[in-house]
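Just below is one structure, and these are the notes that go with it.
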Amino acid sequence: MLHMFVAQTKAESIRIIRSPFFLLFSIAMPLAFYFLFASMNGVDKSIKSTTWGVFSLMSMTAFSLIGTAVSQFGIRLSFEHQDGWVRLLKLTPLSPAVWIGSKIVSQMAVHLIVIVVIFLSAGLVHDIQLTAGQWILCGLWLWIGSISFLALGALLGTLKNANTSVAIGNVLQMGLAIVGGLWMPLSTLPSWMGSVGEWLPSHRYANGAWNMIAGQNPASIDFIILTGCGLLFMLLSIYIYNRRDAV
Amino acid sequence: MTKAIECINLVKKFGDYCAVDHMNLSFEQGQITALLGPNGAGKTTTISMILGMIKPTSGEVRVLGMPSGTKELRQRVGALLQDVKAADGLTVKEVLQLFRNYYRNPMSLERLLDISGLHGDVKRRASTLSGGQRRRLAFAQSLAGNPELLLLDEPTVGMDIEARGRFWDTIQALASDGRTVLLTTHHLEEADAVADHIAVIARGQVVAEGTPERLKAQTALRTVSFRAANAPAEQEWLTLPGVEKAECNGERIRLYAQETDVLLFTLMQSEWGISDIDIQSASLEDTFRSLTGSNKQAIIR
C-alpha cells in the first residue's frame, strides 16, 4: 500500500513538472508579470504600507498557485477521464483513495517548489525587505491556502469534456486573478469590480499575505472566505463524483 | 476446476437498446478464447461486464469463481481496453514500473519489454510513441501484474500484418504458461489463427460456439440453391439427406450440406417442383456472415 502510494506520488509529480504548460503558466508567466508590474510601478514605491516589489510578489505567487491548482489538478483530471486513463486505473489494484491522495500530495509538493522558485528569483533580483519569519509565514500561508484552489480544481475535474474544462479553467484563473485584485490593486479597478472582488477567495488568499508583509495578521474574513469556499468546492465535487458512481 | 469466466443469462440494456441479450458463456482456464463478431455485436459491452466496469441489467458474471469487479480479481486479471491514450509526461520505463508497483507479484520489467518489443524505447515518452508501439505498451501494461486471466478488447487494431503475427505468437506463449486469454475481434482469420475456442456473437447473443475446427467444418459445406414451385414447410428441409442448415431468401431456397450428390438426386425426385439450380461451396467468410448477418431466416441445426 505504502510503496504503491510512493510510486504513484512520484509519477504524478514528474508528470506535473514535465508539463510544458506548468513551466509556462506556473513559473515563467507569473515571474514575467511580477518583474513587469514591479518595475512598471517602481519596486520601491510604497503601496499599503509596503512596496510594490513585495506586494506584487505575493500577488503573483498567489496567481501562479491558483493556476497550478486549477489546471494541473482540475483540467488534468478532466483529460484523464476523457483519455480513458481513469477507466484503466480502476481495473488495477490501485484504490481510488490512494490515487487521489497521491495526486493531492504531489500537487502540494509542486506548490511548495513553485513558492520557493518564485520567492528565490524575486529575492535574488530585487532587494526585498522581509524578515526570515515573514518569508516563511507568507510562504506557509500561500502554501496551505492553495488547498482551497485544489478543491476548486477537483470541482472543475468533474467535467467529463476536457475542452470545456480548459475553457472554464482559463476563464476562472484569469477572472479570479484580475477581479480579485492580483494584477492591479482593487482600489484602482472600477468600483463595481472592486465590490465583487473583495469577496472572491483569490482576493482573500492574497490579502492574507499582503497583511503579513505589512506586519499584520491575515484578517478573519480572509480565513472565513478561503476555508468556506474550499469546503464548499470539496463537498460539491465529492457529491458529484458519488452521484456519478451510483448511476 | 473453476471456470475462468461464466456468464449466465447476461443482459445489458442501454435505454431501449439491448446490447447484450441473454448471453450464456463459459470458458475453461488455460484456453485462448475469441469473441468473434461484427462491430456493434456487443463484444465490448460483454468484456466491460466481465471486468465489472458496468453492471449487468440482469444475469450474473463469475470470473475465476468470484463475482466480477472484486479487489482480489484486480490483482489477478489484466485488461487491454480500446481508446486509452498513453499517460503524458512519463517514459515507457516509468509507465511500466508504475504499473508493476500496483501488483503483489508483478512480471519482470525485462519480460514486459521483451513482450512489447520496446527495449530500444525505454527512455522515450509514452506519448511520443507511434500508434502500434502505444498499443504494444498498453499490452505490456495489461501484463504488469502477471495476470492469470487476460482480457483483450480488439488487441490488434492498428497493427500491421507482421506485428499481428508476432502478437499471436506472444498470446500463444502466454497461454502455454497456463494463463487464460479472452480476446475480442471482428477478424475471422485472427480468431482462427490464435484461439482454441471461438464464440461467435451477433446482436448481443452467442450464435455459434466451438473449436475453430468445428466451426470450419461448416465451411466445408456446399450450398444448393433453387426455386421451388411448391416447397413444404421449413422444418422438412432439414430432414433431407445431409442438410445441416437451410435458409430462404425470397423465392430461392438455399440448403447447406457436406455432400450434395444424394441431396440433388432426392430433390429432383421430390414433388417440390424445383428449377434454376445453383451449386456452390461456401467459404469460411460466408458462414460467418450468415451467422452474424441480419438474415433472421437462417436456421442452424
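Laboratory data are not the source of any read-out in this text; all were calculated from the coordinates shown. Bear in mind that the values here come from a model prediction, so they are computed numbers and not experimental data. Quick reminder, even Gly has a Cβ in these numbers, built from the backbone with ideal geometry, and neighbours come from all protein chains shown.
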Local electrostatic count, residue B:132, Cβ distance below 13 Å [Lys/Arg +1, Asp/Glu -1]: +2
Cα gyration tensor category, rounded, prolate or oblate, for the range B:222-281 with a/c compared to 1.5: rounded
Leading residue at positive end of dipole, chain A (Cβ point charges), from A:95, A:142, A:109: A:95
Cα-centre dipole for the protein assembly as shown with unit charges at Cβ (Lys and Arg positive, Asp and Glu negative), debye to 20: 1840 debye
The protein assembly as shown - mean residue ellipticity at 222 nm from DSSP helices (-39,500 (n - 2.57) per run, n ≥ 4, rounded to 500): -15500 deg cm²/dmol
For B:77-90, mean number of other protein chain Cβ atoms within 10 Å: 5
Cα→Cβ-extended label distance, 7 Å offset, between residue B:159 and residue B:128, nm: 2.6 nm
Longest to shortest principal axis, alpha-carbon extents of the range A:136-247, angstrom: 51, 29, 21
Nonlocal Lys pairs with alpha-carbon distance under 28 Å, the range A:2-246 (8 or more apart, or different chains): 6
Magnitude of the charge dipole, the range B:124-261, Cβ model with Lys/Arg +1 and Asp/Glu -1, debye to 20: 660 debye
DSSP-loop chymotrypsin sites (Phe, Trp or Tyr not before Pro) across the range A:191-247, with at most 14 other Cβ within 10 angstrom: A:199
Protection proxy ranking, peptides A:109-118, B:157-166, B:238-247, average beta carbon neighbours within 10 Å, highest first: A:109-118, B:238-247, B:157-166
Dipole of the range B:5-216, positive end: most advanced residue of B:47, B:122, B:157 [Cβ charges, Cα centre]: B:122
Virtual spin-label span in nm between residue A:46 and residue A:187, 7 Å along Cα→Cβ: 1.1 nm
Dipole-positive endmost among B:82, B:248, B:23 within chain B (Cβ charges, Cα centre): B:82
Alpha-carbon gyration tensor eigenvalues x 5, square-rooted, for chain A, Å: 32, 19, 16
Lys, Arg +1 and Asp, Glu -1 on Cβ, resulting dipole of the range B:5-216 about Cα centre, debye, nearest 20: 740 debye
For residues of A:74-84, the mean tally of beta carbons on other chains within 10 Å: 2
Alpha carbon convex hull of the range B:30-114, projected area averaged over orientations, nm²: 7.7 nm²
For chain B, built as a Gaussian network whose Cα springs stay under 10 Å, the top-fluctuating residue of B:232, B:38, B:155: B:232
Kirkwood-type radius of the range B:5-216, with distances r between different C-alpha atoms, in Å: 17.5 Å
Order by protection proxy (mean Cβ within 10 Å, highest first), peptides B:99-107, B:45-53: B:45-53, B:99-107
Surrounding net charge for residue B:184, when Lys and Arg each add one and Asp and Glu each subtract one, Cβ distance under 14 Å: -3
Among A:74, A:180, A:228: highest mean-square fluctuation, GNM of chain A, C-alpha pairs under 10 Å: A:228
Scaled radius of gyration (Cα, divided by 2.2 N^0.38 Å) that the range A:83-170 gives: 1.45
Shielding by partners - mean other protein chain Cβ count within 10 Å, residues of A:89-98: 6
Acute angle (nearest 10 degrees) that the helix A:162-179 long axis makes with the longest principal axis of chain A, alpha-carbon atoms: 20 degrees
Total lysine pairs under 30 Å (Cα atoms) in the range B:1-154, excluding pairs fewer than 8 apart on one chain: 23
Cα coordinate range in the protein assembly as shown, projected on the principal axes (Å, largest first): 114, 51, 37
Estimated distance in nm for a label pair at residue A:224 and residue A:131, the labels positioned 7 Å out from Cα along Cα-to-Cβ: 2.9 nm
0 to 90° range, to nearest 10: angle between helix B:131-143 axis and chain B longest Cα axis: 80 degrees
